[in-house]
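One structure follows; several queries about it will come next.
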Ligand SMILES: [Zn+2]
């Protein structure tokens, strides 16, 4: 086996193997080749790759809720808008060297930037280690790379969605619907059938929409979850079938309850995110001044009225907890299913 891999990868022999030898090399052959040493190099690369994309996720978190292109202009200082030089835009390192301040204007740069970059790196490393590491040795490098890239893309989308929902209490359709379409298009990367993916997506959406949106509204006059949450659970089903749906909803709810308990103990109350309140205040002022569009926007939005007093009316974004649960299932789902035959 080791000899074959060495032969296949030697540059002299490259043309002797038809038609494209690299895509036929398996993980086992690659691991035995000189390309795979030192063994930690691939891990470092996966983590660095993750930090770089984490840096892009920061741009998405900042710009998508403000309706600004994520591509142009290039990276800017979030405080004064000056373009960032490449040297000041190195993930994690620049933030540490500049001690969390912008070089241009000296403004404090939120630690969120470095946290998101580190989470990107951690997710890159985890997907490489756990998901790719669990693939059978006869998996081709090309197939393993496709699995890594797809899971990594989902992880970055969920990372962005979690922070956007935590701050603004909405989940972008680009993530929830776009992610669902991507999941339904790629079941082969997760050894699933098309049916599993479509059935999972359907169960995911209806399983949240019917009880928590239609049913809750009929009983209590307000929705128990947002439509964005239903679309996010639909994504979980498209990627991981019905077991992914069950896990996302239950693990998400358990973790949200724990977090709510911790916030209550620490602060005595759960406040809605600041930008949700300020966005509403802007709309209310516009509506009071006679702006008809603002008035309709307030009426249509479940966040259009200030939350009632009391813990049962507290507004806690559920999306971040769903995102965490979906990532947990991506990394540990196979292990959980094996253990509990679920
Ligand atoms: Zn600045």
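Table: residues versus (1) within 23 Å of the chain's Cα centre (by Cα); (2) in a helix (DSSP H, G or I).
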position	(1), (2)
216	no, yes
231	yes, yes
236	yes, yes
247	yes, yes
252	yes, yes
255	yes, yes
265	no, yes
269	no, no
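Can residue 305 be described as within 28 Å of residue 155 (Cβ to Cβ) and without any contact (Cβ under 8 Å) to a residue 40 or more places away in the chain?
No: the conditions fail for residue 305.
Let me ask another. Here is a list of conditions, (1) touching a helix residue (DSSP H, G or I) at 6+ places or on another chain (Cβ under 8 Å); (2) more than 9 Å from the ligand (Cβ to nearest atom), and residue 109 meets all of them except one; can you say which number that is?
Single failed check for residue 109: (2).
Going by the structure shown, is residue 282 out of contact with any strand residue (DSSP E or B) (no Cβ under 7 Å at 6 or more places or on another chain), in a helix (DSSP H, G or I) and surrounded by fewer than 17 Cβ atoms within 10 Å (Cβ to Cβ)?
Considered against the rule, which asks whether it is out of contact with any strand residue (DSSP E or B) (no Cβ under 7 Å at 6 or more places or on another chain), in a helix (DSSP H, G or I) and surrounded by fewer than 17 Cβ atoms within 10 Å (Cβ to Cβ), residue 282 comes out as yes.
Sticking with this one: What single numbered condition from (1) surrounded by 14 or more Cβ atoms within 10 Å (Cβ to Cβ); (2) at pLDDT below 90; (3) within 16 Å of the ligand (Cβ to nearest atom) fails to hold for residue 70?
Answer for residue 70: the failing condition is (3).
If you don't mind, there's one more thing I want to ask. Go over the candidates 132, 115 one by one and state the one that is without any contact (Cβ under 8 Å) to a residue 12 or more places away in the chain and either in a helix (DSSP H, G or I) or within 16 Å of the ligand (Cβ to nearest atom) (or both).
Going through 132, 115 in turn, just one is without any contact (Cβ under 8 Å) to a residue 12 or more places away in the chain and either in a helix (DSSP H, G or I) or within 16 Å of the ligand (Cβ to nearest atom) (or both): 115.
If a residue must be within 9 Å of the ligand (Cβ to nearest atom) and in a loop (DSSP other than H, G, I, E, B), how many such residues does region 74-106 contain?
Residues in region 74-106 being within 9 Å of the ligand (Cβ to nearest atom) and in a loop (DSSP other than H, G, I, E, B): 12 in total.
The values are calculated or read from the model by the stated rules, or taken from the named source; none is laboratory data. Note that the coordinates shown come from a computational prediction; the quantities given were computed from them, not determined experimentally. Cβ sites come from the backbone with ideal geometry, for glycine too, and all protein chains shown count toward neighbours.
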